[in-house]
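First the structure, in the form of structure tokens, and then the observations on it.
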Amino acid sequence: MSERETAGASGSGRHFTDRSTDHSPDLATGGATRDPSAHREEPEADYGHELVPGLTHTPRRTDIDPKAAKRAERQVLGLFLLSVAGTLVFFIGFYAVQLDSAENVGLSTKLLGGGLGLALFCIGAAAIHWARKLMSGEEVVQERHRLRSSDEERAAVIKDFQRGVEDSGVPRRKAILGGLVAATAPLLLTPIVLLRDLGPLPGRKLRETVWTEGVRILSDVTERPVRVADIPIGGYVAAIPETLLDLPHEGSAQLAERGKSAVMLMRLRPEEIVSQQGDNWGYEGVLCYSRICTHVGCPLGLYEQTTHHMLCPCHQSTFDIADSGRVVFGPAARDLPQLAITVDNDGYLVAKQGFTEPVGPSFWERG
Amino acid sequence: MSVTPKIVGGTANFVDERIGSANFVRRSINKIFPDHWSFMLGEIALYSFIVLLLTGTWLAFFFKPSVTEVVYSGPYGPLQGVEMSEAFASTVDISFDVRGGLIMRQIHHWAALIFVAAICVHLFRVFFTGAFRKPREFNWLLGMGLLTFALLEGFAGYSLPDDLLSGTGLRIAHGVLMSIPVVGTYLAFFIFGGEFPGDDFIPRLYSVHILLVPGIMLALITVHIMLVWYQKHTHFPGPGRTERNVVGYPFFPHYVAKAGGFFFIVFGVTSLLGAFVQINPIWMYGSYKPSEITAGSQPDWYIGFLEGSLRAMPNWETNIWGHTVSWNVLIPSLVLPGLMMTVLALYPFIEAWVTGDKREHHILDRPRNQPVRTGLGVMAIIFYGILWINGGNDIIADKFNLSINAITWATRIGLFVLPPIAFVITKRICLGLQRRDRETLLHGRETGIVKRLPSGEMIEVHEPVPSEDRVRLLAGASPRPPELPAAYDENGVPRPGNRRERLRAKVGNFFYRDQVEKPTEEELAAHGDGHGERAEELPPAESPAELPRH
């Protein structure tokens with residue numbers, strides 16, 4: 001039995017809908033089909049004018065010139081062969097290049113990607129060339145099938161559904177339905193309950209840092225304590241609390257604390273300082289501010305010495321260090337929290353007290 | 001009698017006797033798809049998704065989604081002895097220590113950029129040609145879902161390597177979460193398993209990125225394509241094309257070859273990009289630390305509009321009864337994109353309500369024939385584009401030596417001023433093109449040949465429009481604005497539902513007030529057979545002043 005006969009013998013209308021005639025392809029070529037008897041209840045969208053000329057077909061060179069067709073065939077074949085060459089380049093790149101230097105990593109990547117790209121591209125180009133030049137160039141018309149079910153079909157569905165409802169006894173035995181709802185509703189809460197242990201409750205974690213009185217301020221680069229003399233006038237030092245290093249090294253405790261308690265030291269001429277958030281919160285022109293932006297929490301990093309402006313590289317919120325860390329531009333709403341500092345007996349800069357407000361981005365409970 | 005090899009026939013028989021597939025296969029083989037270059041934009045999205053699945057699966061074999069601290073001891077010199085998370089270390093290893101690792105990473109990343117870009121241009125095609133109209137609204141909504149998940153999936157993907165750039169992106173996302181009123185802080189603590197960055201987030205993000213979101217997307221894509229298959233593709237107006245048929249080439253062999261071949265082209269091009277254009281060199285950024293940052297941090301392109309809106313927003317924040325609402329974060333990063341997506345998703349229903357059009361549409365609109373829709377679309381693109389450009393305002397300020405404050409202010413003002421201007425200009429251009437279509441229909445096409453008449457008059461010769469062009473130019477009716485309903489019925493009683501009707505009429509008027517009428521049959525007939533006039537056909541006795549000048 002040939003495949004064609006198999007197709008014919010197969011039961012009809014078992015797919016999508018039972019309107020198999022709607023699907024059966026009408027492979028009439030050419031000639032606009034405009035069958036006035038076609039079933040369609042909605043008025044047809046206005047097509048402008050009743051001008052639908054028949055399909056026109058201009059034969060391609062490969063349709064009339066056997067030589068051109070032969071040439072196209074050779075081109076397709078050539079592209080397939082070129083693809084094989086690309087695959088070979090890929091294999092050579094994989095086996096012949098060892099990843100022992102940066103140059104070789106680059107070479108390997110170029111050979112693998114270039115070879116793969118060539119191999120894939122040529123197969124694609126060959127297939128498309130084949131389709132465009134050698135497969136039939138004549139357009140075919142196929143009728144669309146109606147999407148809307150007929151009124152009879154709709155009525156039948158409603159009837160069957162209602163019979164099902166009757167059969168289930170729901171109209172007469174409403175308690176069963178109530179039981180179903182009562183059973184499933186609390187069950188739906190279980191996944192939400194299960195998600196509870198995804199994380200701890202916030203508690204006071206967003207309000208506290210490890211900064212307290214007397215905590216030494218370390219340079220974030222050298223992790224050594226800083227003296228006033230270490231910072232030139234106009235200078236800037238990214239800093240962290242010394243107690244941060246006491247936190248467990250495993251896990252993310254240190255990283256989380258870095259995200260909150262990172263600060264920066266800037267040294268200004270005392271007369272340049274316009275205001276601070278508290279009396280004598282600086283020390284000999286050295287000011288310490290939170291390094292976490294009050295917008296969405298990026299670390300600040302672009303300090304303009306002449307204007308004392310500190311810019312956030314993420315969204316360009318700009319804070320005036322000489323004027324209480326005031327927001328002078330950008331989307332941040334709150335001034336940078338200042339850390340009051342002094343020096344300890346050894347002359348190293350230390351915190352005079354912890355931050356007096358939560359650092360970093362705003363949150364609902366912040367107040 | 002058959003050219004079918006025995007093995008194929010045997011297999012077909014085996015399958016058909018079990019699932020009765022012959023009818024379905026036959027219909028599929030004969031399925032007609034119309035041909036137009038813009039129909040392959042969605043294909044690019046589909047194929048880059050497949051490339052993403054293939055390369056992503058391979059990458060998952062080597063990537064370690066863990067933030068456990070390790071000391072790097074691999075071959076990349078500058079990082080040797082540096083402490084980093086396992087996620088970052090394994091990404092560096094994939095790049096430098098695994099053969100084919102770097103090319104797979106780069107193909108994966110390029111394919112992701114192309115995926116979202118292809119979805120966007122596919123969306124433009126569907127919008128501007130009105131392909132979203134009845135009966136294809138479901139597919140429009142599925143597409144919206146896919147676009148949203150694609151953005152999420154892309155962001156999740158480039159956040160996984162735990163490099164400095166991706167960590168910065170996550171920090172911003174965390175700040176955005178915290179800005180949500182009432183539940184924001186809790187959401188942030190639950191999602192991150194505690195304080196930012198925490199140990200849990202990267203592994204969680206990993207399962208979201210490789211399983212949850214791609215699984216959902218695969219399901220949505222399947223339905224999306226099944227619907228295209230079932231409802232049949234739309235086609236552009238042209239000879240022989242009607243609302244009741246589809247004109248094109250059969251699925252087999254044409255589209256098996258063309259679409260199948262195109263998959264290889266897309267895969268090939270992403271491979272070549274991966275080979276020769278470096279992308280996301282994470283080893284240069286280093287491992288993430290919440291206290292470090294680089295200047296010029298930029299997200300992948302499709303997150304840029306959110307970055308831009310965050311940067312443009314004024315710094316509003318309110319404090320009421322001990323509670324903080326960060327409008328400066330909430331509006332640009334959640335409210336605005338939510339609004340944009342909602343309006344976009346509802347557009348087909350809004351337009352259908354305005355037009356009251358309940359008909360099926362299978363012939364696509366030429367964008368010029370829907371000046372208001374086209375104008376609104378361009379307006380939306382301009383709005384998005386301004387946000388997107390502002391996402392790089394620091395780079396622009398640096399490269400062009402401009403003030404960042406000036407760029408931000410230009411964005412704030414431009415967001416409100418430029419889109420309406422774009423709307424007006426686009427609508428004018430559309431109407432101009434409509435007028436030109438009318439001219440061409442009535443007077444033929446300019447040939448560029450100048451002819452001198454016996455009277456000395458110089459005229460340009462116009463040639464008739466080929467009939468297939470005529471169909472295209474005539475397509476698309478001129479919809480009329482709905483009439484304003486009377487406020488009172490014949491008894492002087494206010495009509496129920498009147499306000500909604502009047503609103504609809506007003507919006508409809510806005511949509512369809514300005515239209516260039518298509519030439520009528522009479523007008524076409526009056527100009528000869530509509531093939532344009534030829535000056536030499538006119539009686540020479542007429543005075544030159546009355547000669548038509550085109």
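Read the figures in this text as sums done on the coordinates, not as results from a lab. If you're wondering where the values come from, they're calculated on a predicted model, not measured in any experiment. With ideal geometry, Cβ positions are generated from the backbone for all residues, glycine too; neighbour counts draw on all protein chains shown.
So the values come out like this:
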read-out: For region B:96-104, 3J(HN,Hα) per residue [Karplus equation, 6.51 cos²θ - 1.76 cosθ + 1.60, θ = phi - 60°, Hz, x = Gly/Pro]; value: 10, 10, 10, 5, x, x, 5, 5, 5
read-out: Cα→Cβ-extended label distance, 7 Å offset, between B:N405 and B:V256, nm; value: 6.7
read-out: Exposed-site-free run, longest, chain B (rule: chymotrypsin sites (Phe, Trp or Tyr not before Pro); DSSP loop; at most 12 other C-beta within 10 Å); value: B:62-320
read-out: Label-point separation, B:N319 to B:T222 (7 Å along Cα→Cβ), nm; value: 5.3
read-out: Mean Cβ count within 10 Å, highest first, over the residues of peptides A:282-294, A:60-72; value: A:282-294, A:60-72
read-out: Charge dipole magnitude, Cβ of K and R +1, D and E -1 - region B:332-376, Cα centre, debye nearest 20; value: 120
read-out: Longest site-free stretch - chain B; sites: GluC sites (Glu not before Pro), DSSP loop, at most 11 other Cβ within 10 Å; value: B:1-482
read-out: Peptide B:164-170 - average C-beta neighbours from other chains (10 Å radius); value: 1
read-out: Over region A:57-137, relative contact order from alpha-carbon pairs under 8 Å, at least 6 apart, %; value: 42
read-out: A:V221 paired with A:D197, simple spin-label distance in nm, labels 7 Å along Cα-to-beta-carbon; value: 4.6
read-out: Sum of side-chain charges, A:L99 neighbourhood, beta-carbon under 11 Å (Lys, Arg +1; Asp, Glu -1); value: -3
read-out: Shielding by partners, peptide B:435-442 (average Cβ within 10 angstrom, other chains); value: 0
read-out: Chain A, relative contact order [Cα under 8 Å, separation at least 6], %; value: 12
read-out: For B:K6, B:K31, order by how many other beta-carbon atoms lie within 10 Å, fewest first; value: B:K6, B:K31
read-out: Net charge over other residues, Cβ less than 9 angstrom from the Cβ of A:M264 (K, R count +1; D, E count -1); value: 0
read-out: Contact order relative to length of chain B, as percent, for alpha carbon pairs under 8 angstrom and 6 or more apart; value: 16
read-out: Tail beyond 41 Å, pair distance distribution of the protein assembly as shown (Cα, percent); value: 54
read-out: Fewest-first sequence of A:D230, B:D489, B:D162 by Cβ atoms within 10 Å of each Cβ; value: B:D489, A:D230, B:D162
read-out: For B:308-317, mean number of other protein chain Cβ atoms within 10 Å; value: 5
read-out: Fraction of the pair-distance distribution of region A:217-351 above 28 Å, Cα-Cα pairs, percent; value: 13
read-out: Table column - 3J(HN,Hα) (Hz), region B:20-35, Karplus curve with 6.51, -1.76, 1.60, x for Gly and Pro; value: x, 8, 4, 4, 5, 4, 5, 4, 5, 4, 8, 4, 9, 10, x, 10
read-out: Ascending count of other beta-carbon atoms within 10 Å, so fewest first, for B:T426, B:T148; value: B:T148, B:T426
read-out: Relative frequency of Cα-Cα separations exceeding 31 Å in region B:34-304, percent; value: 35
read-out: At most 15 other Cβ within 10 Å, DSSP loop - GluC sites (Glu not before Pro), region A:68-168; value: A:E138
read-out: Calculated FRET efficiency for the pair B:A117/B:R502, C-beta based, R₀ 56 Å, to 0.05; value: 0.85
